[in-house]
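Structure record follows, encoded as C-alpha coordinates.
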Amino acid sequence: MPEIRKHYFLNEYCIIAEERAKRPSDFAGAAEGSGRKDSENCAFCAGNEEKTPPATAVYRNGEVLSDTEKKRVRDWDFRCFPNLYPALSPNLPLNESREKDREVIPGFGFHEVIVESPVHGKKMEDFSDKEISGLMQVYRDRACHYYAHGKISHVSLFKNSGKAAGASLDHPHSQLIALPVCPPVIERELAAIRRSQNCPYCTLLEKEKTSPRLIFENSDFVAFAPYYSTVPFEVWVLPKRHMNFLGEFSPELLFSLGEILRNVLGSYSRVLGNTPYNYMFYQLFETPWYHLNLRLLPRLSTAAGFEFNTGMYINPVSPEKAASYLKESI
Ligand SMILES: [Zn+2]
Ligand SMILES: [Zn+2]
(Lines give C-alpha, C1' and ligand atoms only; values in the text may rest on other atoms or scores of the structure.)
(Ligands and ions follow the chains in the order given, each with its own letter.)
Protein backbone atom coordinates (compact mmCIF):
# COMPACT_ATOMS: atom_id res chain seq x y z
CA MET A 1 0.00 0.00 0.00
CA PRO A 2 1.54 3.35 -0.94
CA GLU A 3 1.95 5.92 1.82
CA ILE A 4 1.43 9.67 1.70
CA ARG A 5 4.05 11.07 4.04
CA LYS A 6 4.04 14.57 5.46
CA HIS A 7 7.22 16.62 5.75
CA TYR A 8 8.64 16.83 9.28
CA PHE A 9 7.47 20.39 9.86
CA LEU A 10 6.11 21.82 6.59
CA ASN A 11 2.74 21.28 4.94
CA GLU A 12 4.30 19.25 2.15
CA TYR A 13 3.71 15.67 1.12
CA CYS A 14 5.38 12.92 -0.84
CA ILE A 15 4.06 9.56 -1.96
CA ILE A 16 6.11 6.47 -1.21
CA ALA A 17 4.89 3.99 -3.83
CA GLU A 18 7.21 1.01 -3.71
CA GLU A 19 5.19 -1.07 -6.13
CA ARG A 20 6.65 1.01 -8.94
CA ALA A 21 10.30 -0.12 -8.67
CA LYS A 22 12.23 -2.59 -6.59
CA ARG A 23 16.03 -2.60 -6.39
CA PRO A 24 18.88 -0.10 -6.98
CA SER A 25 19.71 -2.06 -10.15
CA ASP A 26 16.33 -1.02 -11.54
CA PHE A 27 17.80 2.45 -11.79
CA ALA A 28 21.00 1.39 -13.52
CA GLY A 29 19.78 2.99 -16.76
CA ALA A 30 20.18 6.41 -15.15
CA ALA A 31 23.91 5.88 -14.58
CA GLU A 32 26.11 7.93 -16.85
CA GLY A 33 29.56 7.38 -18.34
CA SER A 34 32.68 7.52 -16.23
CA GLY A 35 33.16 11.24 -16.73
CA ARG A 36 36.77 10.68 -17.70
CA LYS A 37 36.44 11.59 -21.35
CA ASP A 38 35.99 15.01 -22.91
CA SER A 39 38.96 16.41 -20.98
CA GLU A 40 40.39 17.87 -24.17
CA ASN A 41 39.71 21.58 -24.30
CA CYS A 42 38.02 21.47 -20.88
CA ALA A 43 38.09 25.04 -19.54
CA PHE A 44 38.21 23.78 -15.94
CA CYS A 45 41.33 21.61 -16.38
CA ALA A 46 44.71 22.71 -15.03
CA GLY A 47 46.62 24.50 -17.79
CA ASN A 48 43.47 25.96 -19.38
CA GLU A 49 43.04 28.81 -16.89
CA GLU A 50 42.90 31.40 -19.69
CA LYS A 51 39.69 29.84 -20.94
CA THR A 52 37.77 31.10 -17.91
CA PRO A 53 37.36 34.60 -16.46
CA PRO A 54 40.11 35.54 -13.96
CA ALA A 55 39.63 33.66 -10.69
CA THR A 56 38.20 35.44 -7.66
CA ALA A 57 40.05 33.01 -5.38
CA VAL A 58 42.64 30.34 -6.12
CA TYR A 59 43.73 27.92 -3.40
CA ARG A 60 47.23 26.47 -3.36
CA ASN A 61 48.49 24.59 -0.29
CA GLY A 62 46.05 26.45 1.93
CA GLU A 63 47.11 29.83 0.57
CA VAL A 64 44.46 32.00 -1.12
CA LEU A 65 45.64 33.79 -4.27
CA SER A 66 43.87 35.53 -7.12
CA ASP A 67 44.32 35.88 -10.86
CA THR A 68 44.80 39.06 -12.80
CA GLU A 69 43.52 39.58 -16.34
CA LYS A 70 47.06 39.00 -17.63
CA LYS A 71 48.44 36.42 -15.21
CA ARG A 72 46.66 33.28 -14.06
CA VAL A 73 47.76 31.28 -11.02
CA ARG A 74 48.99 27.76 -11.89
CA ASP A 75 49.38 24.58 -9.80
CA TRP A 76 46.23 25.19 -7.80
CA ASP A 77 44.14 22.89 -5.64
CA PHE A 78 40.78 24.70 -5.99
CA ARG A 79 39.79 27.54 -8.26
CA CYS A 80 36.76 29.89 -8.02
CA PHE A 81 35.70 32.23 -10.82
CA PRO A 82 32.58 33.93 -12.18
CA ASN A 83 30.35 31.68 -14.29
CA LEU A 84 30.74 32.51 -17.99
CA TYR A 85 26.97 32.24 -18.37
CA PRO A 86 25.76 33.81 -15.13
CA ALA A 87 22.17 33.58 -13.95
CA LEU A 88 22.54 37.04 -12.36
CA SER A 89 24.63 40.13 -13.04
CA PRO A 90 27.21 41.47 -10.56
CA ASN A 91 26.55 45.02 -11.78
CA LEU A 92 24.06 46.99 -9.78
CA PRO A 93 21.46 48.60 -12.07
CA LEU A 94 21.56 52.33 -12.60
CA ASN A 95 17.81 52.67 -12.99
CA GLU A 96 15.19 50.36 -11.65
CA SER A 97 12.72 49.38 -14.30
CA ARG A 98 9.23 48.34 -13.36
CA GLU A 99 6.63 46.57 -15.36
CA LYS A 100 3.16 47.88 -14.67
CA ASP A 101 1.38 45.89 -11.93
CA ARG A 102 4.31 43.52 -11.49
CA GLU A 103 7.14 43.46 -9.06
CA VAL A 104 10.44 43.43 -10.92
CA ILE A 105 13.66 43.14 -9.02
CA PRO A 106 16.80 43.78 -11.05
CA GLY A 107 18.72 40.55 -11.64
CA PHE A 108 21.65 41.53 -9.48
CA GLY A 109 23.76 38.84 -7.83
CA PHE A 110 26.81 36.65 -8.21
CA HIS A 111 27.21 33.31 -9.91
CA GLU A 112 30.45 31.54 -9.20
CA VAL A 113 32.00 28.23 -10.24
CA ILE A 114 34.12 26.33 -7.71
CA VAL A 115 36.43 23.87 -9.47
CA GLU A 116 37.05 21.09 -6.98
CA SER A 117 40.18 19.58 -8.49
CA PRO A 118 42.73 20.33 -11.23
CA VAL A 119 42.19 16.72 -12.42
CA HIS A 120 39.38 16.19 -14.92
CA GLY A 121 38.09 12.76 -13.91
CA LYS A 122 38.58 13.08 -10.14
CA LYS A 123 35.60 12.00 -8.10
CA MET A 124 34.87 13.43 -4.70
CA GLU A 125 34.52 9.99 -3.12
CA ASP A 126 38.20 9.44 -4.01
CA PHE A 127 39.44 12.72 -2.48
CA SER A 128 42.19 12.49 0.14
CA ASP A 129 41.53 13.85 3.65
CA LYS A 130 43.46 16.98 2.70
CA GLU A 131 41.45 17.49 -0.49
CA ILE A 132 38.07 16.96 1.11
CA SER A 133 38.76 19.26 4.06
CA GLY A 134 40.28 21.84 1.68
CA LEU A 135 37.11 21.84 -0.41
CA MET A 136 34.89 22.32 2.65
CA GLN A 137 37.08 25.27 3.61
CA VAL A 138 36.55 26.77 0.15
CA TYR A 139 32.79 26.32 0.59
CA ARG A 140 32.95 28.11 3.93
CA ASP A 141 35.14 30.95 2.65
CA ARG A 142 33.12 31.63 -0.48
CA ALA A 143 29.78 31.54 1.37
CA CYS A 144 31.21 33.98 3.97
CA HIS A 145 32.58 36.18 1.22
CA TYR A 146 29.17 36.70 -0.39
CA TYR A 147 27.19 36.91 2.84
CA ALA A 148 29.47 39.82 3.79
CA HIS A 149 28.17 41.74 0.75
CA GLY A 150 25.60 44.25 1.98
CA LYS A 151 23.16 43.62 -0.87
CA ILE A 152 23.15 39.83 -0.67
CA SER A 153 20.36 38.11 1.28
CA HIS A 154 21.00 34.48 0.52
CA VAL A 155 23.77 32.25 -0.82
CA SER A 156 22.82 29.07 -2.63
CA LEU A 157 25.71 26.60 -2.63
CA PHE A 158 25.21 23.43 -4.64
CA LYS A 159 26.72 20.77 -6.85
CA ASN A 160 25.27 19.32 -10.04
CA SER A 161 27.02 16.11 -11.02
CA GLY A 162 26.19 14.45 -14.32
CA LYS A 163 24.20 15.74 -17.27
CA ALA A 164 20.84 14.56 -15.91
CA ALA A 165 21.58 16.63 -12.78
CA GLY A 166 22.22 19.78 -14.80
CA ALA A 167 26.03 19.73 -15.14
CA SER A 168 27.15 20.95 -18.54
CA LEU A 169 30.79 19.96 -17.94
CA ASP A 170 32.20 16.69 -16.59
CA HIS A 171 35.01 18.34 -14.66
CA PRO A 172 34.23 18.20 -10.91
CA HIS A 173 32.81 21.51 -9.80
CA SER A 174 30.25 23.13 -7.53
CA GLN A 175 28.43 26.42 -7.94
CA LEU A 176 27.33 29.28 -5.80
CA ILE A 177 24.62 31.82 -6.57
CA ALA A 178 24.39 34.82 -4.26
CA LEU A 179 20.90 36.32 -4.32
CA PRO A 180 19.48 39.72 -3.37
CA VAL A 181 16.29 38.01 -2.07
CA CYS A 182 15.49 35.20 0.35
CA PRO A 183 14.10 32.22 -1.61
CA PRO A 184 10.54 31.04 -0.80
CA VAL A 185 11.78 27.58 0.24
CA ILE A 186 13.73 29.18 3.07
CA GLU A 187 10.92 31.64 3.92
CA ARG A 188 8.52 28.72 4.36
CA GLU A 189 10.94 26.91 6.62
CA LEU A 190 11.63 29.99 8.69
CA ALA A 191 7.92 30.65 9.18
CA ALA A 192 7.42 27.08 10.45
CA ILE A 193 10.51 27.22 12.66
CA ARG A 194 9.33 30.48 14.24
CA ARG A 195 6.03 28.81 15.13
CA SER A 196 7.67 25.80 16.81
CA GLN A 197 9.01 25.84 20.35
CA ASN A 198 12.14 23.80 19.65
CA CYS A 199 14.33 23.60 16.59
CA PRO A 200 12.47 21.12 14.36
CA TYR A 201 15.77 19.92 12.91
CA CYS A 202 17.14 19.11 16.39
CA THR A 203 13.88 17.22 17.07
CA LEU A 204 13.97 15.23 13.82
CA LEU A 205 17.68 14.52 14.26
CA GLU A 206 17.03 12.92 17.67
CA LYS A 207 14.41 10.65 16.10
CA GLU A 208 16.34 9.75 12.96
CA LYS A 209 19.50 8.86 14.89
CA THR A 210 17.79 5.73 16.18
CA SER A 211 15.52 5.05 13.20
CA PRO A 212 15.96 2.43 10.45
CA ARG A 213 16.70 5.39 8.18
CA LEU A 214 20.07 6.14 9.79
CA ILE A 215 22.90 5.49 7.33
CA PHE A 216 26.08 6.73 8.92
CA GLU A 217 27.34 9.02 11.65
CA ASN A 218 30.71 10.37 12.68
CA SER A 219 31.70 12.48 15.68
CA ASP A 220 29.87 15.59 14.46
CA PHE A 221 27.36 14.67 11.75
CA VAL A 222 24.54 12.25 11.00
CA ALA A 223 23.54 11.05 7.51
CA PHE A 224 20.09 9.55 7.06
CA ALA A 225 17.41 8.93 4.45
CA PRO A 226 14.65 11.34 5.52
CA TYR A 227 11.22 9.94 6.44
CA TYR A 228 9.89 12.50 3.93
CA SER A 229 12.05 11.53 0.90
CA THR A 230 11.02 13.13 -2.36
CA VAL A 231 13.32 11.03 -4.57
CA PRO A 232 14.87 7.55 -4.32
CA PHE A 233 18.00 7.51 -2.13
CA GLU A 234 17.63 11.09 -0.90
CA VAL A 235 20.04 11.71 1.99
CA TRP A 236 20.21 14.51 4.54
CA VAL A 237 23.34 15.34 6.51
CA LEU A 238 22.90 17.32 9.72
CA PRO A 239 25.43 18.54 12.28
CA LYS A 240 24.73 17.03 15.71
CA ARG A 241 25.24 20.42 17.29
CA HIS A 242 22.79 23.15 16.33
CA MET A 243 24.69 25.43 13.94
CA ASN A 244 23.23 27.72 11.30
CA PHE A 245 26.10 28.63 9.01
CA LEU A 246 29.31 27.16 7.56
CA GLY A 247 31.12 30.30 8.73
CA GLU A 248 30.91 28.95 12.30
CA PHE A 249 32.67 25.69 11.40
CA SER A 250 36.16 25.01 12.78
CA PRO A 251 38.71 23.21 10.54
CA GLU A 252 37.97 19.98 12.46
CA LEU A 253 34.25 20.31 11.83
CA LEU A 254 34.85 21.07 8.16
CA PHE A 255 36.87 17.88 7.83
CA SER A 256 34.15 15.93 9.60
CA LEU A 257 31.57 17.32 7.17
CA GLY A 258 33.75 16.45 4.19
CA GLU A 259 34.31 12.97 5.56
CA ILE A 260 30.60 12.18 5.87
CA LEU A 261 29.87 13.67 2.45
CA ARG A 262 32.64 11.53 0.94
CA ASN A 263 31.15 8.46 2.63
CA VAL A 264 27.66 9.11 1.28
CA LEU A 265 28.99 9.71 -2.25
CA GLY A 266 31.08 6.55 -1.99
CA SER A 267 28.05 4.48 -1.09
CA TYR A 268 26.00 6.10 -3.89
CA SER A 269 28.71 5.05 -6.28
CA ARG A 270 28.80 1.45 -4.97
CA VAL A 271 25.00 1.03 -4.84
CA LEU A 272 23.85 3.14 -7.79
CA GLY A 273 26.89 3.27 -10.06
CA ASN A 274 27.88 6.57 -11.63
CA THR A 275 24.56 8.17 -10.80
CA PRO A 276 23.85 11.83 -11.56
CA TYR A 277 23.09 13.75 -8.38
CA ASN A 278 22.64 17.17 -6.86
CA TYR A 279 23.55 18.27 -3.39
CA MET A 280 22.86 21.59 -1.79
CA PHE A 281 23.50 23.37 1.45
CA TYR A 282 20.70 24.88 3.47
CA GLN A 283 22.26 27.46 5.73
CA LEU A 284 21.51 30.96 6.93
CA PHE A 285 23.81 33.72 7.98
CA GLU A 286 23.01 35.59 11.23
CA THR A 287 19.98 33.37 11.83
CA PRO A 288 20.91 31.34 14.91
CA TRP A 289 17.54 29.59 15.06
CA TYR A 290 18.18 27.86 11.73
CA HIS A 291 19.87 24.44 11.63
CA LEU A 292 22.28 23.98 8.74
CA ASN A 293 21.74 20.90 6.63
CA LEU A 294 23.03 19.34 3.44
CA ARG A 295 20.70 17.42 1.14
CA LEU A 296 21.71 14.95 -1.55
CA LEU A 297 19.35 14.00 -4.36
CA PRO A 298 20.33 11.29 -6.84
CA ARG A 299 18.59 11.96 -10.15
CA LEU A 300 17.04 8.59 -10.72
CA SER A 301 13.49 9.72 -11.33
CA THR A 302 12.07 12.61 -13.32
CA ALA A 303 9.71 15.24 -11.99
CA ALA A 304 6.82 15.35 -14.45
CA GLY A 305 3.23 16.55 -14.81
CA PHE A 306 1.99 15.28 -11.45
CA GLU A 307 4.92 16.77 -9.52
CA PHE A 308 4.59 20.19 -11.19
CA ASN A 309 0.84 20.07 -10.78
CA THR A 310 0.81 19.22 -7.09
CA GLY A 311 4.26 19.90 -5.63
CA MET A 312 4.06 16.29 -4.38
CA TYR A 313 6.71 13.76 -5.42
CA ILE A 314 6.17 10.08 -6.10
CA ASN A 315 9.11 8.14 -4.73
CA PRO A 316 9.31 4.44 -5.65
CA VAL A 317 11.96 3.56 -3.01
CA SER A 318 11.13 3.93 0.67
CA PRO A 319 13.80 5.75 2.67
CA GLU A 320 13.98 2.71 4.97
CA LYS A 321 14.96 0.51 2.03
CA ALA A 322 17.32 3.15 0.60
CA ALA A 323 19.07 3.46 3.98
CA SER A 324 19.50 -0.31 4.25
CA TYR A 325 21.23 -0.47 0.84
CA LEU A 326 23.43 2.54 1.51
CA LYS A 327 24.35 1.42 5.04
CA GLU A 328 25.44 -2.00 3.81
CA SER A 329 27.87 -0.46 1.35
CA ILE A 330 29.64 1.96 3.71
ZN1 LIG B 1 38.60 19.24 -17.10
ZN1 LIG C 1 18.70 22.58 15.67
For SER89, other-chain or 5+-apart residues with amide H closer than 5 Å (H placed, Pro excluded) are PHE108, GLY109
Using θ = phi - 60° and the Karplus form 6.51 cos²θ - 1.76 cosθ + 1.60, what ³J(HN,Hα) does each residue of segment 135-149 get, whole Hz, x for Gly and Pro? 5, 5, 5, 4, 4, 4, 4, 6, 4, 4, 4, 7, 5, 6, 6
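Rounded to the nearest percent, how much of the accessible area of segment 101-219 (1.4 Å probe, protein heavy atoms only) is carbon and sulfur?
Roughly 51 percent of what the probe reaches on segment 101-219 is carbon or sulfur.
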Would you grab the residues whose amide H sits under 5 Å from the one on ALA55? Only those 5+ places off in sequence or on another chain, please, with H modelled 1.01 Å from N. ASP67
Residue of SER161, SER229, SER267 that the Gaussian network model of the chain assigns the largest fluctuation, springs spanning Cα pairs under 10 Å: SER267
Okay, helix-only estimate at 222 nm for the chain: each DSSP H run of n ≥ 4 adds -39500 (n - 2.57), divide by all residues, round to 500 deg cm²/dmol; what do you get? -7500 deg cm²/dmol
Tell me, which cysteines of the chain are without a disulfide-compatible partner by the Cβ under 4.7 Å rule? CYS14, CYS80, CYS144, CYS182
Karplus (6.51, -1.76, 1.60) ³J(HN,Hα), θ = phi - 60°, over segment 205-221, in Hz, Gly and Pro reported as x: 4, 4, 5, 5, 4, 10, 9, x, 8, 5, 10, 6, 9, 10, 4, 10, 9
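Where in segment 37-131 are there trypsin sites (Lys or Arg not before Pro) that are in a DSSP coil and have at most 15 other Cβ atoms within 10 angstrom of their Cβ?
Of the trypsin sites (Lys or Arg not before Pro), the ones in loops of segment 37-131 whose Cβ has at most 15 other Cβ atoms within 10 Å are LYS37, LYS70, LYS71, ARG74, ARG98, LYS100, ARG102.
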Below 8 Å between Cα atoms, with a sequence gap of 6+, how large is the relative contact order for the chain in percent? 22 percent
Tally Lys and Arg at +1 and Asp and Glu at -1 over the other residues with C-beta under 14 Å from the C-beta of VAL222: what net charge comes out? +2
Starting from 0 in steps of 5 Å, tell me what percent of the Cα-Cα pairs of segment 280-330 lands in each bin. 4, 14, 14, 18, 18, 16, 13, 3
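Quick one: ranking THR302, THR52 by accessible area, 1.4 Å probe, largest first, what do you get? Numbers along the way, then the final one.
Values: THR302 120, THR52 10 Å².
Accessible-area ranking of THR302, THR52, largest first: THR302, THR52.
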How large is ³J(HN,Hα), in whole Hz, for each residue of segment 194-202 in order, when computed from phi with the Karplus curve 6.51 cos²θ - 1.76 cosθ + 1.60 and θ = phi - 60°, using x for Gly and Pro? 4, 6, 8, 6, 10, 5, x, 5, 4
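Rounded to a whole number of µm²/s, how large is the Stokes-Einstein D of segment 239-321 at 37 °C and 0.692 mPa s, given Rh as the Kirkwood radius over C-alpha pairs?
The Stokes-Einstein estimate is 216 µm²/s.
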Remind me, relative contact order of segment 131-236 in percent, using alpha carbon pairs under 8 angstrom and six or more residues apart? 15 percent
Sequence-distant or interchain residues sharing an amide H contact under 5 Å with PHE221, placed H: which? LYS240
Mind telling me which of VAL64, VAL138, VAL113 comes out most flexible in a GNM of the chain, alpha-carbon contacts under 10 Å? VAL64
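Pairs of lysines 8 or more apart, or on different chains, with alpha carbons under 25 Å: count those in segment 83-201, would you?
Numbers: LYS100/LYS151; LYS122/LYS130; LYS122/LYS159; LYS122/LYS163; LYS123/LYS159; LYS123/LYS163; LYS130/LYS159; LYS151/LYS159.
Taking the Cα cut-off of 25 Å, the pair count is 8.
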Percent of Cα pairs exceeding the 17 Å cut-off, where the set is segment 181-317: 63 percent
Across the chain, what fraction of all alpha-carbon pairs, as a whole percent, falls in each successive 10 Å bin from zero upward? 5, 24, 34, 26, 10, 1, 0
Find the accessible area per residue for segment 131-268; the probe is 1.4 Å, ligands and nucleic acids are left out, and the unit is Å². 37 Å²
Of all GluC sites (Glu not before Pro) in segment 98-158, which ones are in loop regions per DSSP and have a Cβ with at most 11 other Cβ atoms within 10 Å? GLU99, GLU103
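The values are calculated or read from the model by the stated rules, or taken from the named source; none is laboratory data. Predicted, not measured: the structure shown is a model, and the values here were computed from it. Quick reminder, even Gly has a Cβ in these numbers, built from the backbone with ideal geometry, and neighbours come from all protein chains shown. Just the protein is used for accessible areas: all its heavy atoms, side chains included, with ligands, DNA and RNA removed. Shrake-Rupley method; radii C 1.70, N 1.55, O 1.52, S 1.80 Å.
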